[in-house]
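Following: one structure in structure tokens, then a few remarks.
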Amino acid sequence: DNIELGEQTLYDEGSKTLFVAAPTQNTVYLYINEGLYWRAAGELTGGSGFGSDMDTDGNYLVIGASKANTVYLYQFDTHDATNIDDDRWESRKTLDGSSYGNGSFAASVESDGSQRCLAYTSDAPAQS
């Protein structure tokens with residue numbers, strides 16, 4: 001069974017988090033850079049194709065699930081500095097693009113540094 005682990009990867013310097021997507025499992029695995037080693041820090045899950053594309057600006061993380069026509073927006077929680085794991089990325093918003101893209105909505109995503117994100121289809125970008 002080909003899980004395509006690592007098809008997409010993204011590193012966020014601020015949280016020292018490496019996001020490793022496995023879109024066929026609808027999962028993004030989180031690893032924290034501890035200096036000398038990488039610590040597994042949990043996972044985020046979503047709809048079909050979750051992790052097909054990812055972007056972060058340090059405060060917000062955008063993950064596309066292109067087969068589900070959905071974009072997921074997470075915010076980095078800095079309130080609990082003693083608990084550095086996946087619950088520091090809190091779900092903020094889900095954007096349903098079922099009326100866009102015919103199955104390719106969220107194939108490419110971008111974060112603009114606020115609670116707004118761009119999700120691209122093969123036709124044109126949609127904004128939330």
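For (1) at pLDDT below 85; (2) in contact with a strand residue (DSSP E or B) (Cβ under 9 Å, 6 or more places away or on another chain), each residue gets a yes or a no:
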position	(1), (2)
Thr70	no, yes
Phe76	yes, yes
Asp80	yes, no
Ile84	yes, yes
Thr94	no, yes
Gly103	yes, no
Ser111	yes, yes
Mind checking which residues of region 11-22 are in a strand (DSSP E or B) and open to solvent by 40 Å² or more (accessible area, probe 1.4 Å)?
-> Tyr11, Leu18
Across region 23-60, what is the total count of residues that are part of a strand (DSSP E or B), within 17 Å of Val109 (Cβ to Cβ) and either open to solvent by less than 70 Å² (accessible area, probe 1.4 Å) or in contact (Cβ under 8 Å) with a residue 24 or more places away in the chain (or both)?
-> 11
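So in region 1-10, with the set limited to residues that are assigned to a loop (DSSP other than H, G, I, E, B) and open to solvent by 70 Å² or more (accessible area, probe 1.4 Å), which one is modelled with the lowest pLDDT? Explain how you work it out, then say what you get.
The first filter runs over region 1-10 and keeps only residues assigned to a loop (DSSP other than H, G, I, E, B), leaving 1-8.
Next, from what is left, pick out any that are open to solvent by 70 Å² or more (accessible area, probe 1.4 Å): 1-2, 5, 7.
Working: Asp1: 45, Asn2: 53, Leu5: 79, Glu7: 80.
Going through the qualifying residues, I end up with Asp1.
Evaluate the following for Ile32: is it of a type outside the set (Asp, Glu), modelled with pLDDT of 85 or more, out of contact with any helix residue (DSSP H, G or I) (no Cβ under 7 Å at 6 or more places or on another chain) and farther than 17 Å from Gln8 by Cβ? Explain how you work it out, then say what you get.
On the way: of a type outside the set (Asp, Glu): yes; modelled with pLDDT of 85 or more: yes; out of contact with any helix residue (DSSP H, G or I) (no Cβ under 7 Å at 6 or more places or on another chain): yes; farther than 17 Å from Gln8 by Cβ: yes.
Criteria met by Ile32.
The values are calculated or read from the model by the stated rules, or taken from the named source; none is laboratory data. The shown structure was predicted, so the numbers you read here are calculated from the model rather than taken from an experiment. Ideal geometry is used to build each Cβ from the backbone, glycine not excepted, and the neighbour counts take in all protein chains shown. Heavy atoms of the whole protein, side chains included, go into the accessibility calculation; ligands, DNA and RNA do not. Shrake-Rupley method; radii C 1.70, N 1.55, O 1.52, S 1.80 Å.
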